[in-house]
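As structure tokens, the structure follows; a few thoughts come after it.
Please treat every number below as a calculation from the coordinates, not as lab data. Since we're looking at a predicted model, the values are computed, not measured. Here Cβ is always computed from backbone atoms with ideal geometry, including for glycine, and neighbour counts include all displayed protein chains.
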Amino acid sequence: MSLTSIPTIETRRLVLRGPTPEDYPDFKATFSSYRSRFMGGPLNKYEAWMLYAAEIGHWQVRGFGMWMIHDKISETTLGMAGGWFPAAWPEREIAWIIWPDKAGHGYALEATHAARRYFYTQQGWDGAVSYIDPKNLDSIRLAERLGAIKDKDATTIDGNDAVYRHPSPERLKSGQIADGIELEINHYCDPLFKPKGMPLD
Amino acid sequence: MSLTQAPILETERLILRGPEPRDIEPMIAFLLDQNRASGFGAAPNRGEAWRWFALNVGHWHIHGYGYFSIEMKDSGETAGISGIWNPEGWPEPELGWVVFDGFEGKGIAQEAAARARRYAYQDLGFTTLTSNIVPGNTRSIALAERLGAWFEREYENVHMGHDLLYRHPGPGDLFEDDADDDGSVEAYA
């Protein structure tokens, strides 16, 4: 058997693992909610299950795919991030989704930065794009924080998405973008300004 | 190249094995054929058809079973798919079959489906199986009946809409003396 064994990636706060059947309820909760409105949702239970099966199958067919993002300490799932390249996609995509109640902690930034680095350094990718619904302002903002730039000339999936082009491995290596991302992640991990307790009066 | 841990099953003329990359294009061609795939659930475009291939691989990883590819022993060609299907929202695990263009009228679907059913009963331990058939799919109804299945009820399928549920004979009805569907006793390797 030459099954693709899905690599595990560790970051400061996160562990990225392949999606397993046990993680499905967390995936289903988000994809049957309004949170998934920019990713083809909300889905009914059949559609959600079929998409999750496709997420797992994608790893075997393509040799890469979307990881499940876990909190390193609690192992709780937080969302998914990784690569996505079904047949209709013009280019390989880097994608992410964070469960609605886990947003706002920089998890997508930390996970996607690590996933992109893995594709660039371990799988030889020379670039990637993200296809984003123009109304999905949070994702556009994240693409920009990752150093991606809107590419007006690139082919879209179906005309309803904007293409954000990620910095090439060379550009990412040169420092400023990666340093900025890591600074931001570090700030999420260890905020510079913390409340020092309630004032006494 | 294996994409699943599916076993390899044999019949007189066929090999049933897990989906492999060489099956992608025949599968996509079938799913895009709106007439031939109407009873199965045709795909509106290539992207959706590819996704079905990937999710069948995922189905194997989640359940440990799914659709086998049917390979012709003589030519090595992929002639169709047959296996056990059970996505969320399905009424019960289903025995399904599809034969690709050019492989019809040779009893391939029956030979493959009977072998997949025996696998489900004898190796996976299923005690019953159903087949979901859209009304008007007379060829599939005829095959279900040749396999010994009978009409049980109508219901609303989450994907296909109004649907007919056929019930297969159980393992006790089929394998009382550990015999094959063709009546001959088979040695187990």
Original post:
Looking at the stretch B:1-68, which GluC sites (Glu not before Pro) are DSSP coil and have at most 16 other C-beta atoms within 10 Å of their C-beta?
Top reply: B:12
Subject >> Loop-located trypsin sites (Lys or Arg not before Pro) in the stretch A:67-153, at most 16 other Cβ atoms within 10 Å (DSSP) >> reply: A:72, A:135, A:152
Subject >> Helix-only mean residue ellipticity at 222 nm for chain A, each DSSP H run of n ≥ 4 adding -39500 (n - 2.57), per residue, nearest 500 >> reply: -10500 deg cm²/dmol
Subject >> Between the stretch B:26-56 and the stretch A:131-177, the Cα center-to-center distance that results, in Å >> reply: 31
Original post:
In debye to the nearest 20, how big a dipole does the stretch B:1-105 give about its Cα centre with +1 on each Lys and Arg Cβ and -1 on each Asp and Glu Cβ?
Top reply: 200
Original post:
Hey, which lysines would be in cross-link range of residue A:173, C-alpha to C-alpha under 23 Å, not counting anything within fewer than 8 residues on its own chain?
Top reply: A:150
Subject >> Computed over chain B: relative contact order in percent, which uses C-alpha pairs under 8 Å that are six or more apart >> reply: 15
Subject >> Convex hull of Cα atoms in the protein assembly as shown, direction-averaged projection (nm²) >> reply: 24.3
Original post:
Among B:11, B:78, B:130, which one moves the most in a GNM of chain B with springs linking Cα atoms closer than 10 Å?
Top reply: B:11
Original post:
What number, rounded to the nearest 500 deg cm²/dmol, is the helix-based mean residue ellipticity at 222 nm of chain B, given -39500 (n - 2.57) per DSSP H run of at least four residues and division by all its residues?
Top reply: -9000 deg cm²/dmol
**OP:** Find the relative contact order for chain A and round it to a whole percent, using C-alpha pairs within less than 8 Å whose residues are 6+ positions apart.
**Re:** 16
Original post:
When Rg is the radius of gyration of the Cα atoms in the stretch A:113-152 and Rh is its Kirkwood radius, what does Rg/Rh come to?
Top reply: 1.01
Original post:
How large is Rg over Rh for chain B, taking Rg from the Cα atoms and Rh as the Kirkwood inverse mean of 1/r across Cα pairs?
Top reply: 0.93
Original post:
Given H placed on each backbone N at 1.01 Å, which residues far from residue A:161 in sequence or on other chains put an amide H within less than 5 Å of it?
Top reply: none
Subject >> Under the Debye formula (equal points on every Cα, no solvent term), log10 I(q)/I(0) of the stretch B:1-111 at q = 0.19, 0.20 Å⁻¹ >> reply: -1.01, -1.12
Original post:
If the chain between residue B:45 and residue B:2 were fully stretched, how many nm would it gain, using 0.36 nm times the residue separation less the Cα-Cα distance?
Top reply: 12.9 nm
Original post:
What does the charge count near residue B:137 come to, summing +1 for each Lys or Arg and -1 for each Asp or Glu among other residues with Cβ under 15 Å from its Cβ?
Top reply: -3
Original post:
Working out 0.36 nm times the residue gap between residue B:72 and residue B:20, then minus their Cα-Cα distance, what length gain in nm do you get to one decimal?
Top reply: 17.3 nm
**OP:** Give a quick list of chymotrypsin sites (Phe, Trp or Tyr not before Pro) in the stretch A:104-173 that DSSP marks as loop, anything other than H, G, I, E or B, with at most 12 other Cβ atoms within 10 Å.
**Re:** none
Original post:
Say R0 is 22 Å: what FRET efficiency, to the nearest 0.05, do residue A:183 and residue A:72 get from their beta-carbon distance?
Top reply: 0.60
**OP:** Would you be so kind as to identify which of A:136, A:113, A:181 lies farthest towards the positive end of the dipole of chain A, taking Lys and Arg as +1 and Asp and Glu as -1 on Cβ and the Cα centre as origin?
**Re:** A:181
Original post:
So if we plug the beta-carbon distance of residue B:101 and residue B:173 into 1/(1 + (r/R0)^6) with R0 = 25 Å, what FRET efficiency do we get, rounded to 0.05?
Top reply: 0.15
Original post:
If R0 is 51 Å, what FRET efficiency do you get for residue A:122 and residue A:44 from their C-beta distance, rounded to 0.05?
Top reply: 0.90
Subject >> Residue-count net charge about residue A:38 - beta-carbon cut-off 11 Å; Lys, Arg +1, Asp, Glu -1 >> reply: 0
**OP:** Summarise the partner chain shielding of B:83-89 as one whole number: the mean count of Cβ atoms from other chains within 10 Å of each residue's Cβ.
**Re:** 4
Original post:
Which lysines have a Cα lying under 27 Å from the Cα of residue A:45, excluding residues fewer than 8 positions away in the same chain?
Top reply: A:28, A:102, A:135
Original post:
Can you pull the three principal axis extents for the Cα set of the stretch A:9-189, in Å, largest first?
Top reply: 44, 40, 31
**OP:** Give the relative contact order (percent, whole number) for the stretch B:72-173; include only Cα pairs under 8 Å separated by 6+ residues.
**Re:** 24
Subject >> Under 15 Å, Cβ to Cβ, from residue B:69 - net charge with Lys/Arg +1 and Asp/Glu -1 >> reply: -2
**OP:** Using θ = phi - 60° and the Karplus relation 6.51 cos²θ - 1.76 cosθ + 1.60, list the HN-Hα couplings for the stretch A:100-113 in order, rounded to whole Hz, with x at every Gly or Pro.
**Re:** x, 7, 10, 6, x, 10, x, 5, 4, 4, 5, 6, 6, 4
Subject >> Residues A:149, A:97 arranged by fewest to most Cβ contacts within 10 Å >> reply: A:149, A:97
Subject >> Shielding by other protein chains, A:16-28, mean Cβ within 10 Å >> reply: 1
